[in-house]
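Structure first, commentary second.
The values are calculated or read from the model by the stated rules, or taken from the named source; none is laboratory data. Small disclaimer: the values here were computed from a predicted structure and weren't measured. So basically every Cβ, Gly included, is an ideal-geometry build from the backbone, and we count neighbours across all protein chains shown. Each accessible area value is taken on the protein alone, full model and side chains, heavy atoms only, with ligands, DNA and RNA left out. Shrake-Rupley method; radii C 1.70, N 1.55, O 1.52, S 1.80 Å.
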Amino acid sequence: EPRLSLTFTCTVPDCGIRSTHQFSKRSYQSGIVLVQCPGCKNRLRVLRHLIADHLGWFKDGTQEGKLKTIEDIMMKKGETVKRGTLNANGGIEY
């Protein structure tokens, strides 16, 4: 099954950890994806970051379910989204 990879820097106050997570393409396009930041995991509260919600489970922060993916949320906030593909040599092309 095709997989996607996401790299981000956590914006939770006092965290700022950069991490990479993998998940199925199907879950990103039609299900729910939550990832756990390794920095937040080591604190008293365990946070999970919403990456995709096509089932409408998380209304807060998604404009009542209108913003389905982290790309939608970031673009709405005016933030930059970079998409890349993995080439045959293992390099990422943007």
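Looking at segment 68-85, can you tell me whether even one residue there is out of contact with any His (no Cβ under 9 Å at 6 or more places or on another chain), at pLDDT 80 or above, over 28 Å from E1 (Cα atoms) and not in a loop (DSSP other than H, G, I, E, B)?
yes
Out of (1) among the hydrophobic types (A, V, I, L, M, F, W, C); (2) more than 30 Å from N87 (Cβ to Cβ); (3) part of a strand (DSSP E or B), the odd one out for C40 is which?
Among (1) among the hydrophobic types (A, V, I, L, M, F, W, C); (2) more than 30 Å from N87 (Cβ to Cβ); (3) part of a strand (DSSP E or B), the lone unmet condition for C40 is (3).
Would you call H49 modelled with pLDDT of 90 or more, within 19 Å of D72 (Cα to Cα) and not small (G, A, S)?
No: the conditions fail for H49.
This table checks each residue for (1) over 22 Å from I92 (Cα atoms); (2) outside any strand (DSSP E or B); (3) without any contact (Cβ under 8 Å) to a residue 12 or more places away in the chain; (4) within 11 Å of the chain's Cα centre (by Cα).
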{"position": "P13", "(1), (2), (3), (4)": "yes, yes, yes, no"}
{"position": "Q22", "(1), (2), (3), (4)": "no, no, no, yes"}
{"position": "V33", "(1), (2), (3), (4)": "yes, no, no, yes"}
{"position": "I51", "(1), (2), (3), (4)": "no, no, no, yes"}
{"position": "K59", "(1), (2), (3), (4)": "yes, yes, yes, no"}
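Residues checked against (1) open to solvent by 100 Å² or more (accessible area, probe 1.4 Å); (2) among the aliphatic types (A, V, I, L, M):
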{"residue": "F8", "(1), (2)": "no, no"}
{"residue": "D14", "(1), (2)": "yes, no"}
{"residue": "R18", "(1), (2)": "yes, no"}
{"residue": "G31", "(1), (2)": "no, no"}
{"residue": "K41", "(1), (2)": "yes, no"}
{"residue": "H49", "(1), (2)": "no, no"}
{"residue": "M75", "(1), (2)": "yes, yes"}
{"residue": "R83", "(1), (2)": "yes, no"}
{"residue": "G91", "(1), (2)": "no, no"}
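Which ones in segment 10-36 are of a type outside the set (D, E, K, R), farther than 13 Å from I51 by Cα and touching a strand residue (DSSP E or B) at 6+ places or on another chain (Cβ under 8 Å)? Lay out the reasoning, then the answer.
Looking only at segment 10-36, we keep the residues that are of a type outside the set (D, E, K, R), and these are 10-13, 15-17, 19-24, 27-36.
In the following step, the residues that additionally are farther than 13 Å from I51 by Cα were identified as 11-13, 15-17, 19.
G16, I17, S19, listed by residue number.
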